[in-house]
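Quick note: the coordinates plus some simple rules give every number you see, no bench work behind them. Keep in mind it's a predicted model, so treat the numbers as computed, not measured. In this analysis, Cβ positions are derived from the backbone assuming ideal geometry, glycine residues included, and neighbour counts consider all displayed protein chains.
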Ligand code: C2E
Ligand code: CA
Ligand code: CA
């Protein structure tokens, strides 16, 4: 008898281990799958909705305070979340910093708002971890079981809605809308097209001049172009985020870097000086073999790293560890520019920790410059600050003579924009250089 009880207990314990998340004690993904495996027993008879909760910028905690601190936050959040939900609901750790709440019964829109409020309240009290006070937010996606969707559909819908909340600036919630799914389908379509374009080397790289106060070209920025046969010209604003999410940014980035090397070599062969700026996304910087691959490509084309400036954005600076990578790239001889400054967080105090030579003032600031007085005050202040700290400033988006003249006051202020020249294919620039060489002979 005792044996049987022991076996039963052991079985119960095994079941618990199999279906409970070790760190948080919540149900785990296998539990979800068990529910999935027997829908007739459970969901088919009931109305329910699924809430997908993803903590915002959780990676920053792991990166800055270590994984133990991250684990502690997850445990505390799990406790608070379990307490916030009703006992008839299921709270599941879906993985990492993703949680699901399965809400039983019919819920009205109003009730959903109440639940979202309760979830947000779990984060309202800061987390005290290792003498740090951490304030967190989350993004929430909600899907209702309306037309006989199974749990697979619901999970996908809630995930898509959560993603939409993230894209709209995090710390918010979205209820699934079929239009969101349409958007995701289009993104997948683009991703497949981009993959094929990279494989077939169908992307192009165009070059836009960067000039000094006398309008002499001091560098060119390499900008990726994708012309799809069916869809036409697709903007990098659209395909670069897709490349970043799908990791296609690795092969894309190397393709652009190699094209930049070829361009530098070809321009120098005409007798002209040439530097090129290459954009680097944060994901590329976190690739440990990046500098090794860059060095191989530079060697292959006999190009010096001193002729290349790498443009990084503030999202690169936020990730811990990236300063060391940037430092090693700088030591190899690359110039480092901070791109799109003034278009986001713009944390001046942290800038000094990074080996930055050039700050590029985002075009959105410049284009407001002569209409909005406060914008003018901001750009003047940034310009003064950059020069005082010894940075070179590149003003982006210069479109008029008025803007050119206004900024043409210092050797340390460079300019880039349609006024000085639009991005052009390498062949056009090389053709023009050769022509002017022939004329001067
Ligand atoms: P970005 O790095 O800020 O590049 C400058 C963008 O401003 C380019 O847009 C350029 O064509 C545009 N631009 C230059 N002068 C003017 C002007 O006077 N007025 C206006 N309105 N726009 C001007 P583009 O080529 O569409 O690229 C958009 C963004 O896509 C880039 O912004 C960059 O963030 C990204 N991107 C492009 N190529 C690459 C690449 O090879 N790698 C990575 N990681 N990102 C890239
Ligand atoms: Ca750039
Ligand atoms: Ca820029």
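Of note, residue 236 satisfies the criterion of being in contact with a strand residue (DSSP E or B) (Cβ under 9 Å, 6 or more places away or on another chain), without any contact (Cβ under 8 Å) to a residue 24 or more places away in the chain, within 16 Å of ligand 2 (Cβ to nearest atom) and closer than 28 Å to residue 163 by Cβ.
Selection of the range 146-177 for residues being touching a helix residue (DSSP H, G or I) at 6+ places or on another chain (Cβ under 9 Å), over 16 Å from residue 102 (Cα atoms) and part of a helix (DSSP H, G or I) yields 160, 163, 164.
Scanning the range 219-260 for residues that are within 15 Å of the chain's Cα centre (by Cα) and outside any helix (DSSP H, G or I), we see that the one that is farthest from residue 274 (Cα to Cα) is 247. None of 188, 134, 179, 194 is more than 16 Å from ligand 2 (Cβ to nearest atom), under 21 Å from the mean Cα position of the chain (by Cα) and surrounded by fewer than 20 Cβ atoms within 10 Å (Cβ to Cβ) except 188. All told, residue 256 meets the bar of being within 16 Å of ligand 2 (Cβ to nearest atom), more than 21 Å from residue 63 (Cβ to Cβ) and buried (at least 17 other Cβ atoms within 10 Å of the Cβ). Restricting 55, 102 to residues that are over 29 Å from the mean Cα position of the chain (by Cα) and buried (at least 20 other Cβ atoms within 10 Å of the Cβ) narrows the list to 102.
Restricting the first member to the range 268-288 and to residues that are without any contact (Cβ under 8 Å) to a residue 40 or more places away in the chain, and the second to residues that are away from ligand 2 (no atom under 16 Å from the Cβ) and not in a helix (DSSP H, G or I), the beta-carbon pairs closer than 8 Å and six or more apart or on different chains are 268/274; 283/247; 286/319; 286/321. Residues in the range 75-112 that are without any contact (Cβ under 8 Å) to a residue 40 or more places away in the chain and not in a helix (DSSP H, G or I): 7 in all. Here residue 278 fulfils each of the conditions (1) touching a helix residue (DSSP H, G or I) at 6+ places or on another chain (Cβ under 8 Å); (2) outside any helix (DSSP H, G or I); (3) within 16 Å of ligand 2 (Cβ to nearest atom); (4) over 20 Å from residue 428 (Cβ atoms) apart from (4). Residue 311 meets the stated requirement of being out of contact with any helix residue (DSSP H, G or I) (no Cβ under 6 Å at 6 or more places or on another chain), closer than 29 Å to residue 429 by Cβ and within 14 Å of ligand 1 (Cβ to nearest atom).
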